[in-house]
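Read the structure below first, then the notes.
The values are calculated or read from the model by the stated rules, or taken from the named source; none is laboratory data. Here the structure is a predicted model, which is why all the values come from computation and not from measurement. Here Cβ is always computed from backbone atoms with ideal geometry, including for glycine, and neighbour counts include all displayed protein chains. These accessible areas exclude ligands, DNA and RNA; they are computed on the full protein's heavy atoms, side chains included. Shrake-Rupley method; radii C 1.70, N 1.55, O 1.52, S 1.80 Å.
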Amino acid sequence: MVRGATGSTPASGPSRIRYGGHTTCFTVDAIPDEPIVVDAGTGLAFSSDLVTGRPTHFHVLLTHFHLDHLLGLQTFRPFFGAEHRFTFYGFAPGREQLRAAIGGVFAEPWFPVQLDDVPSHVEFVALNEAPFWLGPVLVNIARLHHPQGVTAFRLTHGRRSVVIATDHEAGQPGVDARLVEFAIGADVLIHDAQFTPEEHETLYDGWGHSTWKDAVRIAAAADVDQLVLTSHDPFRTDDQIDEIVALARREFRNVEAAYEGLAVPM
Ligand SMILES: [Zn+2]
C-alpha cells in the first residue's frame, strides 16, 4: 500500500487532498505482525493501522537516507514502544555505517531522543546487491542513479512482483538499462516522476529525479503491466498530477499516480 508519495518535503493544503502530501513510504502485508516497510517518510508516522496493540516486527527497507525517507520514524509511535522490533535494511558498507546514517535524524541537537535510547529493539542489516528473503517475499536489489546513491527493490511474492524505483534520475543509459532488466515483466513498476520533461530540462537536471516520460519509457521497455508514478513534486497540485497522468496515459496503457491508500496487490 502507498502511504506517502511526495518527494523532498511534505506537502499540505487544499490543492493536495486527493494524492496526499506525506513523503515516501510503502508497506507490504505478507507476514502476520511483520509488516515490510519501504522507506520511512512521513507517511509511516500516519499509518495508524500498523499500530495494532500486538508486538510487531517492522522490516524497514531503505532506498537511501535522505531526510524525506527517514523523517516518519521520529513520530512513529511503535518505534518508542519496548515491545516492538525494527530491523533496518539499507545499502551500506557495514552495520555501523547503516546505523550512523539512520541515527542522523535522531542526533543532537535536531531531536530529543538519540537512536541508542529508542526503547524498541533495533537492529541493522547492511545490504549489498545479493537478494534475500523476508518470509515469503523475495527481495532483489538494484543500485540506481541519485545523489549519494539509491537502491531499487523488487519484491516478489508468489507470482506477483512489484518494483519500487523512487528517487532515480533517468538519463544515464547504463543505469536505465539496469533498471529495465531489473523490472522486466514486473506486475507493477512504481517509478519516480517528480518533474515534467520541461522542468527537468530547464531547471532540475542532476537533482536526482525523473519525469513521467522517463517512467513511461522504462515501463514500456521492461514490459510491466502497470506503471505507478511517485515522488510527486511537493509544489504540484492534485489537478496538475491529474494532467501528468493524462499525458502519460497517451503513451502507456496502464498508468496511475500514487496516492495515499492506493493498494498494490502483492
Ligand atoms: Zn533522495
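Surface listing: THR9, THR211, THR156 arranged by accessible area from highest to lowest gives THR9, THR156, THR211, probe 1.4 Å. Considered as an equivalent ellipsoid built on the Cα gyration tensor, segment 2-257 has semi-axes of 29, 20, 18 Å, the largest given first.
Using only C-alpha atoms and all pairs of different ones, pull out the Kirkwood radius for segment 1-49 in Å with one decimal.
Here the Kirkwood hydrodynamic radius works out to 11.1 Å.
Taking the DSSP beta bridges with both ends in segment 2-257, the antiparallel portion is around 40 percent. Taking the 1.4 Å solvent-accessible surface of the chain as the whole, the part contributed by carbon and sulfur is 53%. Considering only PHE91, PHE153, PHE132, the mean-square fluctuation computed in a Gaussian network model of the chain, springs between alpha carbons under 10 angstrom, is largest for PHE132.
Computed with a 1.4 Å probe on the full set of protein chains, the accessible area for LEU138 sits at about 40 Å². Largest first, the residues HIS157, HIS84 sort by 1.4 Å accessible area into HIS157, HIS84.
Could you sort MET266, MET1 by their accessible area in this structure, using a 1.4 Å probe and putting the largest first?
MET1, MET266
In whole angstrom, note down how far apart the Cα centers of segment 133-149 and segment 36-71 are. After rounding, the separation between the Cα centres reads 16 Å. Taking the Cβ of LEU144 as the center, what net charge do the other residues with Cβ under 15 Å away carry, scoring Lys and Arg +1 and Asp and Glu -1? Cβ neighbours under 15 Å give a net charge of -4. Calculated accessible area for the chain comes out at 43 Å² per residue, all protein chains present (probe 1.4 Å; ligands, DNA, RNA ignored).
For q = 0.19 Å⁻¹, what log10 I(q)/I(0) does segment 184-266 give under the Debye formula with an equal point scatterer on each alpha carbon and no solvent? For segment 184-266, the Cα-only Debye profile gives -0.79.
The Kirkwood radius of segment 195-234, taken over pairs of alpha-carbon atoms, gives through the Stokes-Einstein law at 10 °C and 1.306 mPa s a diffusion coefficient of 147 µm² s⁻¹. Overall dimensions of segment 99-144, expressed as equivalent-ellipsoid semi-axes from the Cα gyration tensor (√(5λ), whole Å, largest first), are 28, 14, 7. Among VAL139, VAL255, VAL51, the residue with the largest mean-square fluctuation in a Gaussian network model of the chain, with springs joining Cα atoms closer than 10 Å, is VAL51. All other residues whose Cβ lies under 12 angstrom from that of LEU227 are scored, Lys and Arg at +1 and Asp and Glu at -1, for a net of -3.
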